[in-house]
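Presented below is the structure to which this report refers.
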Amino acid sequence: MEISKKTGFGTRAIHGGLEPDSATGAIMTPIYQTSTYVQEEVGKHKGFEYSRTQNPTRSALEKNLAALEKGEYGIAFASGLAAIDAVIKMLDPGDEVISTNDLYGGTYRIFRTVFEKYGITFHFVPMAQLEEIEARVNENTKLIWVETPTNPMLNVVDIQGVATMIEEKDILLAVDNTFASPYLQNPLELGADIVMHSVTKFIGGHSDVVMGALVVSDEALANELYRIQNSSGAVPGPMDCFLVLRGIKTLHVRMERHCKNAAQIAEWLKGQPIVDKIVYPGFKDHPNHEVASRQMLDFGGMVSFSLKRNRLEDAHSLVSKTQIFSLAESLGGVESLIGHPATMTHAAIPKEEREKSGVVDSLIRLSVGIEDVEDLIQDLDQAFKSI
Ligand code: P1T
């Protein structure tokens, strides 16, 4: 059967870009644990020369990732940040980037502390209001970096709206699609040029691999990114590529349960007297609910909330009292995680700046896993009662 962009997501996840192993017929892509490939004579080889440049397990994963995002080219990296690093390395000194103001702390850190000193300027704006982006665009703007939903405030940016705004301009639009996963949202279809993932999260899904990826449809852009991938060398190993290929086979099934459980937990939080603000794009009163309903298949597995007494000690106490929700950085795995952005994932962002985007001292982030939701609610309930 020919797999096309119109083929259903589950079928693309399991079969997209994949073929039985040509040497043995093995149905699962083998782990080609090799650094190099024997050449018959100089330049006469089977398409593989050296594993930084190409590796068959990685190539299979890259094709599969492209199929998931309805793009043409997948480019895998050793981490999500290595994928972001590759995108920014396409720019020149003097270029300007407009980025979401509320975004993963590590992305903020690489922009500010690694790339600013090479003469690239970053502007951080609240992108849920498109006018904020438009006001920053000038002749030096070369890239718009969107994260949606944002980490951890779950703001939703209108990807198609941004794409339309810069249609006539020579500006690349990149979307960090980590929080949605390709099951819920496909930015390339909405007009983005580059989609980026921390594969570590929902795509890998089992908290056993750190990896990143880019997917694009334009051949010249793909070649530029492959050049950077090979030149900088931040590539994932074949064992990790195998694990991610295995994880992807259940991505659609996992995402359905993540979304269902998160919706129920968000609803349950409404009845908790100590809870102040609940951030969940599935709520009708979420400021970007309408955009989320339009561009996402469902509202994702993440829920954030703050406490009425906005005290760091209460938040720290709560996150250490849960027993099924594990206190840890990261998200998107089958097991539920609880985190405190201000002192964990977003500690790299100065207090004043993070508070402007809502990352207050009592903010708590849940990555809702695929356990039985009754047990997850009971776990939160006992933790709430204990503080
Ligand atoms: O951790 P790494 O695979 O390098 O990916 C970085 C990254 C990029 N983009 C988003 C939206 C992310 O959430 C992350 C990583 N985030 C966490 C580790 C976290 O706990 O939020």
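The values are calculated or read from the model by the stated rules, or taken from the named source; none is laboratory data. All figures in this text were calculated on a predicted structure; none of them were measured in a lab. Don't worry about glycine lacking a Cβ; one is built from the backbone with ideal geometry, like all the others, and counts go over all protein chains shown. Protein only, heavy atoms only, side chains kept; ligands, DNA and RNA dropped before computing areas. Shrake-Rupley method; radii C 1.70, N 1.55, O 1.52, S 1.80 Å.
Things worth noting here:
- Test: residue in the stretch 26-39 that is assigned to a helix (DSSP H, G or I), away from the ligand (no atom under 16 Å from the Cβ) and hydroxyl-bearing (S, T, Y): no
- Helices (runs of 4 or more DSSP H) contained in the stretch 182-291 and holding at least 2 residues open to solvent by 10 Å² or more (accessible area, probe 1.4 Å), away from the ligand (no atom under 16 Å from the Cβ) and closer than 23 Å to Q54 by Cβ: 219-232, 238-248
- The set of residues from the stretch 325-338 being open to solvent by less than 20 Å² (accessible area, probe 1.4 Å) and either more than 13 Å from the ligand (Cβ to nearest atom) or more than 26 Å from L251 (Cα to Cα) (or both) comprises F325, S336.
- The set of residues in the stretch 127-150 that are in a loop (DSSP other than H, G, I, E, B), closer than 20 Å to M196 by Cβ and open to solvent by 10 Å² or more (accessible area, probe 1.4 Å) contains only A128.
- Of the numbered criteria (1) surrounded by fewer than 18 Cβ atoms within 10 Å (Cβ to Cβ); (2) touching a residue at least 40 places away in the same chain (Cβ under 8 Å), the one T107 fails is (1).
- Of everything in the stretch 339-361 that is within 12 Å of the ligand (Cβ to nearest atom) and surrounded by fewer than 23 Cβ atoms within 10 Å (Cβ to Cβ), the residue that is nearest to the chain's Cα centre (by Cα) is T345.
- Scan of the stretch 292-310 for residues that are within 21 Å of F384 (Cβ to Cβ), in contact (Cβ under 8 Å) with a residue 60 or more places away in the chain and assigned to a loop (DSSP other than H, G, I, E, B), ordered by number: G301
- The residues of the stretch 313-324 that are away from the ligand (no atom under 14 Å from the Cβ) and surrounded by 15 or more Cβ atoms within 10 Å (Cβ to Cβ), listed by number, are D314, A315, H316, L318, K321, T322, I324.
- Selection count where residues are within 26 Å of A192 (Cα to Cα) and touching a helix residue (DSSP H, G or I) at 6+ places or on another chain (Cβ under 6 Å), scope the stretch 265-294: 3
- Any hit, the stretch 241-259, residues being modelled with pLDDT of 95 or more, touching a Lys or Arg at 6+ places or on another chain (Cβ under 9 Å) and among the hydroxyl-bearing types (S, T, Y): no
- Counted residues, the stretch 36-66 - those being open to solvent by 70 Å² or more (accessible area, probe 1.4 Å) and free of Cβ contacts under 8 Å to residues at least 40 places away in the same chain: 10
- Subset of the stretch 155-165 (residues that are open to solvent by less than 10 Å² (accessible area, probe 1.4 Å) and assigned to a loop (DSSP other than H, G, I, E, B)): V156, V157
- Condition met for E313 (within 26 Å of the chain's Cα centre (by Cα) and without any contact (Cβ under 8 Å) to a residue 40 or more places away in the chain): no
- Among the residues listed as K284, K260, the single one being within 19 Å of L376 (Cβ to Cβ) and either basic (K, R) or not assigned by TED's automatic domain parsing to the domain that holds S367 (or both): K260
- Residue list for the stretch 1-26, restricted to those being exposed (fewer than 10 other Cβ atoms within 10 Å of the Cβ) and either within 17 Å of P56 (Cβ to Cβ) or among the aromatic types (F, W, Y) (or both): S22, A23, T24, G25
- Evaluation of E69 against (1) away from the ligand (no atom under 16 Å from the Cβ); (2) open to solvent by less than 20 Å² (accessible area, probe 1.4 Å) (one fails), failing number: (1)
- Selection within the stretch 372-384 - surrounded by fewer than 18 Cβ atoms within 10 Å (Cβ to Cβ) and touching a Lys or Arg at 6+ places or on another chain (Cβ under 9 Å): Q382, F384
- If you go through the stretch 88-104 and keep only what is within 15 Å of the ligand (Cβ to nearest atom) and surrounded by fewer than 24 Cβ atoms within 10 Å (Cβ to Cβ), you end up with I88, S99, N101.
- Of all residues in the stretch 72-87, exactly one satisfies the criterion of being open to solvent by less than 20 Å² (accessible area, probe 1.4 Å) and more than 15 Å from the ligand (Cβ to nearest atom), namely G74.
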